[in-house]
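One structure is given here, and the rest of the page talks about it.
The values are calculated or read from the model by the stated rules, or taken from the named source; none is laboratory data. Note that this is a predicted model, so its numbers are computed, not measured. Note that each Cβ is placed from the backbone with ideal geometry, even for glycine, and that neighbours are counted across all protein chains shown. Only protein heavy atoms, including side chains, enter the accessible area calculation; ligands, DNA and RNA are left aside. Shrake-Rupley method; radii C 1.70, N 1.55, O 1.52, S 1.80 Å.
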Amino acid sequence: MKIAVFAGDGIGPEVTHEAVRVLKALHLPGLELIEGDVGAAAYRKHGHPLPQQTLDIARSAGAILFGAVGDFGCDDLERNLRPEQAILGLRKELALFANLRPATVFKGLEDLTTLRPEVAGKIDLLIVRELNGDVYFGEKAIRTLPDGRRQGYDIMSYAEDEVRRIAHVGFRAAMGRRKQLCSVDKANVLETSQLWRDVVLEVARDYPEVELSHMYVDNAAMQLVRNPGQFDVIVTGNLFGDILSDQASMCVGSIGLLASASLSEGTLGLYEPIHGSAPDIAGKGVANPMATILSAAMLLRHSFGLEAEAARIEAAVARALADGFRGGDLGGSDGTVAIGDAVLARL
Ligand code: IPM
Ligand code: MG
């Protein structure tokens with residue numbers, strides 16, 4: 001049971017440390033943890049945000065626990081050397097195309113969301129975000145036009161097989177939940193989205209039990225704060241999924257609570273909190289490690305089939321929250337290690 005641990009930048013090392021403590025406390029047979037450098041930390045050490053040795057570690061592991069990457073100090077670097085390239089590179093190199101981002105409101109936190117408690121309390125949704133295509137990976141550059149004006153461009157595209165495989169993930173996820181799938185696109189304007197919609201409709205024939213709906217992304221952004229309880233599974237492209245998942249995190253109270261899984265066709269997966277490196281609070285011991293701890297739970301479930309252990313971690317986090325432990329992100333003052341301790345005590 002080999003797990004690669006890529007802590008990365010900012011608060012990444014602090015929150016990952018707590019998740020590793022939780023994993024170790026489970027005394028999993030054969031557990032082996034191997035650390036690797038990613039992000040700005042890797043760039044400073046090896047001259048690249050995703051060095052070859054890190055990729056090799058990732059390929060040799062059964063799963064990857066990832067902290068965060070990002071560092072404002074690297075903003076002037078060429079794009080391919082910026083910290084974000086570590087996570088984008090891992091997603092692409094390992095064909096981690098399916099990003100699962102669940103969002104539910106923990107009991108007792110209804111008052112902490114920016115929505116009215118009776119609205120937020122109904123949130124129990126899963127965003128299935130495509131992770132290997134879209135405008136993220138299309139041709140991009142800043143060029144100079146003949147008249148001397150600079151122009152930036154990023155090409156958005158999806159091939160039908162890319163849409164098909166993520167659509168299947170969305171439908172299968174819906175089958176395991178409330179059997180409702182909402183496909184989010186911008187088909188009223190974008191051809192990429194028109195193809196997306198056509199292919200999702202084709203795939204739908206394989207899942208007659210799933211109730212499929214389509215929603216334009218602008219409307220979806222609105223519905224997520226108007227009536228988020230209407231959603232079961234949302235399937236969407238890379239860019240829209242990036243934006244909507246941050247929004248969903250605020251609806252449930254804090255981005256410090258949301259975990260994610262990035263899956264390939266096989267069992268290899270990368271697991272990371274959806275929050276970033278939070279440079280403003282890095283190194284202060286105040287970051288909430290719960291999203292990373294919950295990511296470790298997803299890791300056990302999806303890459304190793306350890307459902308009971310995953311549920312145990314999730315229950316311990318829920319209990320710590322119910323008992324009043326709150327990071328600064330939730331308006332509290334419990335530090336990173338104190339929250340880790342609280343979760344461990346409840347395991
Ligand atoms: C995320 C992040 C990344 C993304 C960044 C760090 C490249 O925002 O995982 O949501 O845009 O996918
Ligand atoms: Mg994001």
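Listing for the model above:
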read-out: Most mobile listed residue (Arg150, Arg178, Arg129) in the chain, GNM with C-alpha springs under 10 Å; value: Arg150
read-out: The chain - convex hull of the alpha-carbon atoms, volume per residue in Å³; value: 141 Å³
read-out: Percent accessible area from carbon and sulfur atoms, segment 98-262, protein chains only, probe 1.4 Å; value: 51 percent
read-out: Radius ratio Rg over Rh of segment 98-262, counting only Cα atoms, Kirkwood formula for Rh; value: 1.03
read-out: GluC sites (Glu not before Pro) restricted to DSSP loop in segment 180-287 with at most 10 other C-beta within 10 Å; value: Glu209
read-out: For segment 314-341 versus segment 244-292, the gap between their alpha-carbon centres in whole angstrom; value: 15 Å
read-out: Relative contact order computed over the chain (Cα-Cα under 8 Å; 6+ residues apart), in percent; value: 22 percent
read-out: Heavy-atom accessible area ranking, 1.4 Å probe, most first, across His17, His275; value: His17, His275
read-out: Probe 1.4 Å, all protein chains present, accessible-area order of Val317, Val337, largest first; value: Val337, Val317
read-out: Listed residue (Phe137, Ala98, Ala311) projecting farthest to the positive dipole end of the chain, Cβ model; value: Ala311
read-out: Residue order for Glu32, Glu110, Glu139 - accessible surface, 1.4 angstrom probe, largest first; value: Glu139, Glu32, Glu110
read-out: Projected label distance in nm at Leu28 and Ile243, using a 7 Å step from Cα toward the beta-carbon; value: 3.6 nm
